Each structure stands twice: as C-alpha cells, then as structure tokens.
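Report on the following structure.
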Amino acid sequence: MKILVYAEQREGQLRKIAFENIALAKQLGQPFEVAVIGAEIADLAGQLGRYGAEKVVFYKNDSLGNYSPDGYAKILAEAVTKQGADVLLLGATSTGKDLGPRTASILNAAMATDCTHVEVDGDDLKITRPMYAGKVMATIRLSSAVKVVTVRPNVYSAVEAPATAEVQEEAAAVDFTTIVKEIISGAKGKLDVTEADIIVSGGRGMKGPENWHLIEGLAELFGAATGASRAAVDAGWRPHDEQVGQTGKTVSPSLYVAVGISGAIQHLAGMSSSKYIVAINKDPDAPIFKLADYGIVADLFDVVPRMIEEMKA
Amino acid sequence: MNIAVCIKQTPDTETRIKLTEAKTVDESDINFILNPYDEFAVEEALKLREKFEGEVTVISLGPDRVNSAIRSALAMGADKAIRIKTDSNPTDPNVTAGALAAELKKGNYDLILLGKQAIDDDHAQIPALLGDKLGIPAVSVVVKLEVDGGKLTAEREIDGAHELIECSLPAVVGAQRGLNEPRYASLKGIMKAKKIPIEEVDAELSADQLQVVEFNYPPQKNPGKIIGDSADAVPELLRLLHEEAKVI
Ligand SMILES: Cc1cc2nc3c(=O)[nH]c(=O)nc-3n(C[C@H](O)[C@H](O)[C@H](O)COP(=O)(O)OP(=O)(O)OC[C@H]3O[C@@H](n4cnc5c(N)ncnc54)[C@H](O)[C@@H]3O)c2cc1C
Ligand SMILES: Nc1ncnc2c1ncn2[C@@H]1O[C@H](COP(=O)(O)O)[C@@H](O)[C@H]1O
C-alpha cells in the first residue's frame, strides 16, 4: 500500500494538517510520498522534511498560486497515478473537503470525509468517521482501487522527525475553469475553530457582543480560537463561521471552554469529542454539565474576569 | 433561468440516533425533515427565479419517505419535482452523485443548487462530485451568490477567511448557512404543493465502493466534576487543567 500525502498550502504557507498527515502516514507504516501544488512552493521542502517527509513532489503552475477546484483536482489525480499511490490523504479542511471528492471522482475512487481514525488492516484500511455530527461513529471500508481519505485536523499530532526530503519538481500544465480570485480575510490570521487546539466559546449567557472581550481575552491567554453557540450567531453577535454544532462546525480540540452555553443537543453534537470540556454556567441543571470534565456553577461575569486575572498573574 | 435543487431528507437535529443490535441506525423513531442546508438552496433558487423568472425543479434520490421532504420544498414554492427511486440511500456519495448527474443531464439547467452537506452522513461531497461528473464549475460552502448574465460570483467560506470565486454558468453551488433566510411555507403554498405531481424515475446506481461496516456510539464521557459555585473555584480549575488534564 503506498500513500500520497497532499500537503495543503495557502498563500505559500503549509497548513498544520500536512504535518499531521505525514505523522499518520508514518504511523501506518506504509511507504509514502508528499505532493504539493501551487506557484512558488519550492522552499516548503525543508519544513516537510523536518516532519519526516522523504520524498516531496512539487506540481508547479504559475497560474495556480490560488486554489482552483478543477485545476488542482486534475493535477492531484495525475499525481496519484504518477506516484503510484493507493491511498490519498488530505486534511478535512475547507480545501481538502473540496479537492478530495473532485479528485476521487476523476479516479473513480471512494472517499471518506473527516476521518478520526485510520488503521491498516491487512492490505485494506479500516477507517472511523463521525456521522450525524458525531452522534454515532461509523466504521468504514473503501473497496475502490484508490482510496481517498480526508483526516480531521487535530486528531493526529504532528511529530518532528527530521529527514532530508528528496525533492522533485514537475511542471503541471492544465486548463481549468474555476479559480479563487481573492481571499477575503475578515481578521487576517484568525485561528479557525476546526484547527484550534483550544477553543473558548460563548453563548446566549454572554448577554451581548459588547461582552465578547471576555471570550477574546481568555482565548488570547490560552492561545485559543473563539467559538459560539448558534444562539449567539443568530443574535448577530458573532459571525457564523464561529458556530460550533450540528449545523456549524464539528470540532475536537484538547480543551473546549463553554461559557454561558446551555448544551443543547445540536451544540453537543459539534463538540462532544473534545478531549477536555470546561463549562461555566450559573444553572446547575444545564445539560452541558453532563458532558463537562470540569464545571463551575456561577455567574460567568465573575468567573471569566477572574480566570483572565489568574492567568495573567 | 432553469434551476435544479438537489435535496435530501435527513433526521431532524433533535433526533438522538439509536442503534440496532446489528449496529445499524434504527430509523423507527426518527422524525425526518428537509436537510437544513438544502432549505438555503431552495430559498436561493426561489430568489433567483423571482429575479430572472424561470423554473425551479427539486430532485431527490431516496425511498418513498423522501416525498415528504420534496413536499416541503414544493410548499416553499418550487415548481416541479423528481424523485429518483431507491430502496434506501446509497452508502457511497459517489453513487448518489452518479445517479443525480445522470438525471441532471436530462434537464437543461443553468444552475444546480445543493446544500453544502447532509446532516446525516456528513459527507459534504456531492456538490464537488457533481462538478466533476457534469464537467462544470462547482463551488460549495457558499455564503453569498450573485448571478449576472452567464456568470456567477460566489463567496465561499473557508477556514478563517472567505474566498471569492467567479465562474461561468451552468454551475453547481453548495449552500452554507448565511446565504439567505429560508422562507416559511404559506398555507397556500402547502395546498398548492399537494397538487403538484412528483415525477418518479428509476435509479441507475453503480455499486457502492464505500461500505459502512458498523455504527457505534462515541466513547462515553465520565460524568464531570463540579469544582465550585463561585469565582473562587478558578485557581483550582486552572490547576486541574494544568496538572491533571495537562492541556494548558
Ligand atoms: C435545525 C437546528 C440546528 C441547530 N444547530 C445548532 C448548532 O449547530 N449549534 C448550536 O450551538 N445550536 C444549534 N441549534 C440551537 C440549539 O437548539 C440551542 O438553541 C442553542 O445551542 C442555544 O444556545 P445557548 O446555549 O447559547 O443559549 P441558551 O440555551 O439560552 O443557554 C444560555 C445559557 O447561559 C446560561 N447563563 C445565562 N446567563 C449567565 C451568566 N451570567 N453566567 C453564567 N451562565 C449564564 C444559562 O444558564 C443558559 O444555560 C440548532 C437548532 C436547530 C433547530
Ligand atoms: N439522496 C439525495 N438526493 C438529492 N440530493 C442529495 C442526496 N444526498 C445528498 N444530496 C445533496 O447533496 C448535498 C450534500 O450532501 P452530502 O455530500 O451527502 O453531505 C445535500 O445537502 C443535498 O443537497
């Protein structure tokens, strides 16, 4: 079984999931290579090597600095064939979730989305992925010749394992119909909840957007991303890309801090696989406490400022 | 403008998923609804029809029960409906996409709208798969859409930012929350929807290459610990996070 790890870059920067998937490929104990697509990308080999990549192939196309759904998919499908891979690993990032199925369709391969566990079972893969927003876990098998897997960020840890990567550059000529014109970054470099190791989320209990400096202050001290319940998003207090839950994002950070969130089933569906959950809520009967590892039953407007104060001390 | 909307029937979000002894999903107590993301797709189609005129056709693949989701979309205001008949939903989204593509090729659609994801299987694959199978542009997780002549501009949500994408029609668009505010069906709409015939077509299904071996419940969490009932519990909380959980 040979694995191809697609190392996603955005604006010339590798995403963390690239290193996580290299760690997964190594853990699976199968030969693997790495593929990168973009315009100016040659200097990324050193970073990939640091995490254990021994062979990196760059598919370079001057007009594909930005992501192109059909352009990238054609190149990646060709890479799978050229590099002789049976398994393609991508991150279950926005781009991975778009590129994965397109590439799979070209290869007539089956794809499993947002997987949380992958293991080798004979010459097959046994894959676990949450379904129904994590209310149940499905054990999946892919019976196609090539198997495409997008792996949820943050589930596997990137491990430094320095290797000298053999680098190969290929000119990738394709025609494409669709390309990203522009990346509009609301807050540049804002950490997305799906990638964050720690998330501090606020709900209706926050009372209004004017109090969000508490969530942001705590998040900054934790190095965390900020999330929100749907109630906070619907009220227009927070952008909906922060929404955690069944109709928002599904997250699995090491630590999830729920502040003024009751713990409705749709919210729990999106965050119940977090390793540790902290709940701050003044209602002792709030369902979030059934799931929380640590809870404080008190007014958040006392607790959060105190947390910020103690963290700063 | 000739618009198709692909819709799926899914359990409502309140539903607790129960498993059978054979480790399959027990559907007996499930309350089925129109997939929430597909409501945004239907709404966007209706808004475009108001602007450009034309026709909105909803297409759903699935067993008899999905007719109720089709009726919901018709009640919102869609003009026509097609059900691709199957005994159950394929486990492999590539198979669903193949059957949808075959049906979509028969119509002369300028725009094909979908939800970005079905909240049961959570594949989030079909919009992109259709793009490849139909050989037309596909953009998913769209929060803003503008159609102008033969061109489309879409704002797509990505991790921590938005992407602006321009492409030509026909195209496939996957709707994300934020795109619009779906309307409620009016009583008149509901009555009218009852009279619209649902055209039924046979499915051309290839073999599933994705199999679900079994379902399991996620690992149960131990009941948590209430550390205190005032801000004085904060030092202890931070100590536990640092020393016991080792997450900070
Ligand atoms: C189709 C559908 C999809 C949905 N999808 C999602 C989803 O993806 N994500 C999601 O989050 N929800 C979702 N919901 C909504 C969900 O059902 C709940 O309504 C929502 O999660 C509630 O948000 P909340 O916990 O912030 O608000 P509430 O339930 O109102 O809870 C507020 C909490 O704050 C506490 N509180 C108030 N003041 C204080 C204070 N001063 N100090 C401490 N605590 C305080 C209260 O005790 C209460 O527990 C969905 C609903 C539907 C119907
Ligand atoms: N059986 C189906 N019939 C019609 N449309 C579907 C079906 N399954 C999925 N879709 C569409 O594809 C979108 C994404 O689904 P999925 O890739 O399964 O998460 C859904 O929001 C629907 O718009």
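Quick notes on this structure:
- Scanning segment B:159-200 for residues that are among the β-branched types (Val, Ile, Thr), assigned to a strand (DSSP E or B) and either touching a residue at least 60 places away in the same chain (Cβ under 8 Å) or within 27 Å of B:Gly62 (Cβ to Cβ) (or both) turns up B:Val172, B:Val173, B:Ile198.
- Taken over segment A:133-182, residues that are assigned to a strand (DSSP E or B), in contact with a strand residue (DSSP E or B) (Cβ under 7 Å, 6 or more places away or on another chain) and not polar (S, T, N, Q) amount to 18.
- A:Lys126 vs. criteria more than 15 Å from the chain's Cα centre (by Cα), under 25 Å from A:Ala269 (Cα atoms), surrounded by fewer than 22 Cβ atoms within 10 Å (Cβ to Cβ) and in the same structural domain as A:Thr93 (by TED's automatic domain parsing): yes
- Condition check for A:Pro101: touching a residue at least 60 places away in the same chain (Cβ under 8 Å) and either crowded, with 22+ Cβ neighbours inside 10 Å or part of a strand (DSSP E or B) (or both): no
- Qualifying residue in segment A:82-96 (condition: within 11 Å of another protein chain (Cβ to nearest Cβ), of a type outside the set (Val, Ile, Thr) and within 15 Å of B:Ile165 (Cβ to Cβ)): yes
- Some residue of segment B:177-199 being in contact with a Pro (Cβ under 7 Å, 6 or more places away or on another chain), at pLDDT 95 or above and hydrophobic (A, V, I, L, M, F, W, C): no
- A:Arg204 meets each of the listed conditions (1) within 11 Å of another protein chain (Cβ to nearest Cβ); (2) more than 24 Å from B:Leu240 (Cβ to Cβ); (3) touching a residue at least 40 places away in the same chain (Cβ under 8 Å); (4) not β-branched (Val, Ile, Thr) apart from (1).
- Residues satisfying the stated conditions in segment B:13-24, i.e. under 24 Å from B:Thr96 (Cα atoms) and either within 15 Å of ligand 2 (Cβ to nearest atom) or over 21 Å from the mean Cα position of the chain (by Cα) (or both): B:Thr13, B:Leu19, B:Lys23, B:Thr24
- Taken over segment A:274-313, residues that are of a type in the set (Ser, Thr, Tyr) and closer than 17 Å to A:Glu220 by Cβ amount to 0.
- Close Cβ contacts (under 8 Å, 6 or more residues apart or on different chains) running from residues in segment B:126-149 that are among the polar types (S, T, N, Q) to residues that are within 16 Å of ligand 1 (Cβ to nearest atom) comprise B:Ser140/B:Lys116; B:Ser140/B:Ala124; B:Ser140/B:Gln176.
Matching residues to (1) in contact with a helix residue (DSSP H, G or I) (Cβ under 7 Å, 6 or more places away or on another chain); (2) among the hydroxyl-bearing types (Ser, Thr, Tyr); (3) at the interface with chain A (Cβ under 7 Å from one of its Cβ atoms); (4) in a loop (DSSP other than H, G, I, E, B):
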site	(1), (2), (3), (4)
B:Ala207	no, no, no, yes
B:Gln211	no, no, yes, no
B:Glu214	no, no, yes, no
B:Lys221	yes, no, yes, yes
B:Ile227	yes, no, yes, no
B:Asp232	no, no, no, no
B:Leu237	no, no, yes, no
B:His242	no, no, no, no
B:Lys246	no, no, no, yes
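- Residue within segment B:145-157 that is modelled with pLDDT of 95 or more and within 23 Å of B:Ala69 (Cβ to Cβ) present: yes
- Every residue from segment B:39-69 that is in a helix (DSSP H, G or I), among the aliphatic types (A, V, I, L, M) and away from ligand 1 (no atom under 16 Å from the Cβ): B:Ala45, B:Leu46, B:Leu48, B:Val66
- In segment B:125-153, the residue that is surrounded by the fewest Cβ atoms within 10 Å (Cβ to Cβ) out of those that are more than 16 Å from ligand 2 (Cβ to nearest atom) and part of a strand (DSSP E or B) is B:Asp148.
- All positions within segment A:246-258 that are more than 16 Å from ligand 2 (Cβ to nearest atom) and either in a loop (DSSP other than H, G, I, E, B) or surrounded by fewer than 24 Cβ atoms within 10 Å (Cβ to Cβ) (or both): A:Val251, A:Ser252, A:Pro253, A:Ser254, A:Leu255
- Top-ranked residue of segment A:105-114 - restricted to ones that are more than 7 Å from chain B (Cβ to nearest Cβ) and touching a strand residue (DSSP E or B) at 6+ places or on another chain (Cβ under 9 Å), ranked as surrounded by the most Cβ atoms within 10 Å (Cβ to Cβ): A:Ala109
- Residue within segment A:43-56 that is in a helix (DSSP H, G or I), touching a helix residue (DSSP H, G or I) at 6+ places or on another chain (Cβ under 8 Å) and within 14 Å of chain B (Cβ to nearest Cβ) present: no
The values are calculated or read from the model by the stated rules, or taken from the named source; none is laboratory data. Note that this is a predicted model, so its numbers are computed, not measured. Every residue, glycine as well, gets a Cβ built from its backbone with ideal geometry; the counts of neighbours run over all protein chains shown.
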